[in-house]
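Visitor: I'd like to ask some things about the structure below.
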Amino acid sequence: MTVAQPAAEAIEEGPARHGVLRYAAAKVGGALLSIAMVIVATFFAFRLLPGDPVRALAQGRNMTPEQLDLERHRLGLDKSLAEQFVHFVNQTVHFDLGVSYEYKRPVVDLIGERIGSTLLLTGTALVMAVSLGIWQGARAGWRPGSRFDKISTGISLVLWSVPTFWLGLLLLMVFAAGIGPIPGIFPTRGIESVDAPSGFPYLLDVAKHMVLPCLTMVAVVYAQYLLVMRSSVIDEVGQDYVTTARAKGLRDDEIRRRHAVPNALLPTVTLVFMRIGFVVGGAVTVEAIFSWPGLGQLFYEAIRVPDFTLMQGTFLLITVSVILMNTLADVVYHLLDPRVRSA
């Protein structure tokens, strides 16, 4: 009997493992198809934007029509749309995002210089938003209808509905420029001061520049984590194990912290993976408002020209990160939740 039991478990684990692999393969295939569609849409969508990159780059320079034609030939804009598309796809599949019209440097290098600033801002904002959302959601869901539940949920929903650019401009006007009796406390732009010191004071200077853009991003996204966590905890409160724990005399705080919250975390963890890519994409508005030198600011600068290669490269990176994170979230959820695997 003891020999047959492990063999039976191995037989059961085999199909389950193959099922997970098939599920993951299907999700990866869907992600690759989505990326292919994004590549096509990216090329043609940006060609619909008004403006001539060559004339925009020639502003302030007395260039003859012949010189403009030479510049257009150098950038490959004199080719047909089909030829440009084939060239773009060929470059993309070889991980070559081309050369920026404005900066005259490889787009990969420009992205590499800016991505660290974006990850610093969005990573900090994501950790703060998730922590705040989980804490408030767990407390609100444990006693739904309480004063804390009504206040925290109401405030989060109001902030969630506020446009990001409006909130950023409001914080910039009040706490950076100063208004009435409120002095300007925080810097108005950038990631560091012109005369920034080195060492630990430099880190403090960067942290001071991060306060307003980070606060803007946290305010408009933490509500979704709060609402998902609140709903999950409400579901857990009605479970039998909570009733049993209370019957054993365990304190409510201990039941919530050790039992209800860990069991309610799965949907929130999945949401975190799904929102990572969107958080990076959402930094475009915040970085433009606060002149934060990241991918969002780089994309905003590319739109103004318009710099097709730079727009395509940054947009592809942001979009592909969203697709990959969504795919990873689906696979992780499938692995962690046995109810999904058995469905």
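The values are calculated or read from the model by the stated rules, or taken from the named source; none is laboratory data. Keep in mind it's a predicted model, so treat the numbers as computed, not measured. Note: ideal-geometry Cβ built from the backbone for every residue, glycine included; neighbour counts use all protein chains shown. Only protein heavy atoms, including side chains, enter the accessible area calculation; ligands, DNA and RNA are left aside. Shrake-Rupley method; radii C 1.70, N 1.55, O 1.52, S 1.80 Å.
Visitor: Looking only at region 216-234, which residues are open to solvent by 50 Å² or more (accessible area, probe 1.4 Å) and in contact with a Gly (Cβ under 6 Å, 6 or more places away or on another chain)? So that I can check it myself, show each step before the final result.
Guide: Applying the first criterion (open to solvent by 50 Å² or more (accessible area, probe 1.4 Å)) to region 216-234 yields 227, 230-231, 234.
Listed by number, the residues that qualify are Arg230, Ile234.
Visitor: Continuing with this model, one more query. Is it the case that region 192-203 has a residue that's open to solvent by less than 60 Å² (accessible area, probe 1.4 Å), modelled with pLDDT under 90 and either under 30 Å from Met274 (Cα atoms) or in contact with a Cys (Cβ under 9 Å, 6 or more places away or on another chain) (or both)? Break it down stepwise before answering.
Guide: Applying the first criterion (open to solvent by less than 60 Å² (accessible area, probe 1.4 Å)) to region 192-203 yields 193, 196, 199.
If we keep only those that are modelled with pLDDT under 90 as well, we get 193, 196, 199.
Next, from what is left, pick out any that are either under 30 Å from Met274 (Cα atoms) or in contact with a Cys (Cβ under 9 Å, 6 or more places away or on another chain) (or both): none.
The answer is no; no qualifying residue exists.
Visitor: Follow-up. Counting just the residues of region 82-91 that are of a type in the set (A, V, I, L, M, F, W, C) and farther than 18 Å from Phe315 by Cβ, which one comes out surrounded by the most Cβ atoms within 10 Å (Cβ to Cβ)? Show your work before the answer.
Guide: Residues of region 82-91 that are of a type in the set (A, V, I, L, M, F, W, C), as a first pass: 82, 85-86, 88-89.
From what is left, the residues that are farther than 18 Å from Phe315 by Cβ are 82, 86.
Working: Ala82: 8, Val86: 12.
This residue is Val86.
Visitor: Whether any residue in region 206-215 is closer than 22 Å to Ile289 by Cα and exposed (fewer than 12 other Cβ atoms within 10 Å of the Cβ) is what I want to check. Even if it seems obvious, please write down each step before you answer.
Guide: Going through region 206-215, the residues closer than 22 Å to Ile289 by Cα turn out to be 206-215.
From what is left, the residues that are exposed (fewer than 12 other Cβ atoms within 10 Å of the Cβ) are 207.
Looking through region 206-215, at least one residue is closer than 22 Å to Ile289 by Cα and exposed (fewer than 12 other Cβ atoms within 10 Å of the Cβ).
Visitor: Do the conditions hold for Gly51, that is, is it out of contact with any strand residue (DSSP E or B) (no Cβ under 9 Å at 6 or more places or on another chain), at pLDDT 80 or above and not aliphatic (A, V, I, L, M)?
Guide: Details: out of contact with any strand residue (DSSP E or B) (no Cβ under 9 Å at 6 or more places or on another chain): yes; at pLDDT 80 or above: no; not aliphatic (A, V, I, L, M): yes.
It is false that Gly51 is out of contact with any strand residue (DSSP E or B) (no Cβ under 9 Å at 6 or more places or on another chain), at pLDDT 80 or above and not aliphatic (A, V, I, L, M).
Visitor: In region 25-48, what count of residues is obtained for those that are exposed (fewer than 12 other Cβ atoms within 10 Å of the Cβ) and either in a loop (DSSP other than H, G, I, E, B) or in contact with a Phe, Trp or Tyr (Cβ under 6 Å, 6 or more places away or on another chain) (or both)?
Guide: 1
Visitor: A further question follows. Go through region 154-191 and give me each residue that's in a loop (DSSP other than H, G, I, E, B) and open to solvent by 80 Å² or more (accessible area, probe 1.4 Å).
Guide: Residues of region 154-191 in a loop (DSSP other than H, G, I, E, B): 162-163, 178, 180-181, 183-191.
Pro181, Pro183, Ile185, Arg189, listed by residue number.
Visitor: Exactly one condition in (1) closer than 30 Å to Asp330 by Cα; (2) touching a residue at least 12 places away in the same chain (Cβ under 8 Å) is not met by Leu57; state its number.
Guide: (1)
Visitor: Right, here's the next one. Given the criteria within 28 Å of Tyr300 (Cβ to Cβ) and modelled with pLDDT of 90 or more, does Val99 qualify?
Guide: Considered against the rule, which asks whether it is within 28 Å of Tyr300 (Cβ to Cβ) and modelled with pLDDT of 90 or more, Val99 comes out as no.
Visitor: Select from region 60-94 the residues that are assigned to a helix (DSSP H, G or I) and in contact (Cβ under 8 Å) with a residue 24 or more places away in the chain and list them in ascending order. Give the derivation first.
Guide: At the first step, the residues of region 60-94 found to be assigned to a helix (DSSP H, G or I) are 65-74, 81-93.
Scanning region 60-94 gives Leu81, Gln84, Phe85, Phe88, Val89, Thr92.
Visitor: Just checking, how many residues over region 92-131 are of a type in the set (A, V, I, L, M, F, W, C) and open to solvent by less than 60 Å² (accessible area, probe 1.4 Å)?
Guide: Restricting attention to region 92-131, the residues satisfying the condition of being of a type in the set (A, V, I, L, M, F, W, C) are 93, 95, 97, 99, 107-108, 110-111, 115, 119-121, 125-130.
Remaining after also requiring open to solvent by less than 60 Å² (accessible area, probe 1.4 Å): 97, 107, 110-111, 115, 121, 125-126, 129-130.
Going through region 92-131 one residue at a time, the tally reaches 10.
Visitor: Now, a different point. Please go through region 302-316 and pick out each residue that is at pLDDT below 85 and either closer than 19 Å to Asp109 by Cβ or open to solvent by 30 Å² or more (accessible area, probe 1.4 Å) (or both).
Guide: Ile303, Arg304, Val305, Asp307, Phe308
Visitor: Still on this model: Would you point out the residue of region 268-295, among those that are farther than 30 Å from Leu169 by Cβ and either at pLDDT 80 or above or among the aliphatic types (A, V, I, L, M) (or both), that is least open to solvent (accessible area, probe 1.4 Å)?
Guide: Initial filter on region 268-295 (farther than 30 Å from Leu169 by Cβ): 268-270, 273.
If we keep only those that are either at pLDDT 80 or above or among the aliphatic types (A, V, I, L, M) (or both) as well, we get 268-269.
Numbers: Thr268: 1, Val269: 55 Å².
Per the stated criteria, the residue is Thr268.
Visitor: Something else about it: Taking region 246-264 only, how many residues are in a helix (DSSP H, G or I) and either among the charged types (D, E, K, R) or surrounded by fewer than 19 Cβ atoms within 10 Å (Cβ to Cβ) (or both)? Break it down into steps so the answer makes sense when it comes.
Guide: At the first step, the residues of region 246-264 found to be in a helix (DSSP H, G or I) are 246-247, 252-264.
Imposing the further condition that a residue be either among the charged types (D, E, K, R) or surrounded by fewer than 19 Cβ atoms within 10 Å (Cβ to Cβ) (or both) reduces the set to 246-247, 252-254, 256-259, 262-263.
So the answer is 11.
Visitor: Has region 140-153 got any residue that is open to solvent by less than 80 Å² (accessible area, probe 1.4 Å) and in contact with a Leu (Cβ under 6 Å, 6 or more places away or on another chain)? Spell out how you get there, then give the answer.
Guide: Of region 140-153, the ones open to solvent by less than 80 Å² (accessible area, probe 1.4 Å) are 140-142, 144-146, 148-149, 152-153.
From what is left, the residues that are in contact with a Leu (Cβ under 6 Å, 6 or more places away or on another chain) are none.
Checking region 140-153: not a single residue is open to solvent by less than 80 Å² (accessible area, probe 1.4 Å) and in contact with a Leu (Cβ under 6 Å, 6 or more places away or on another chain).
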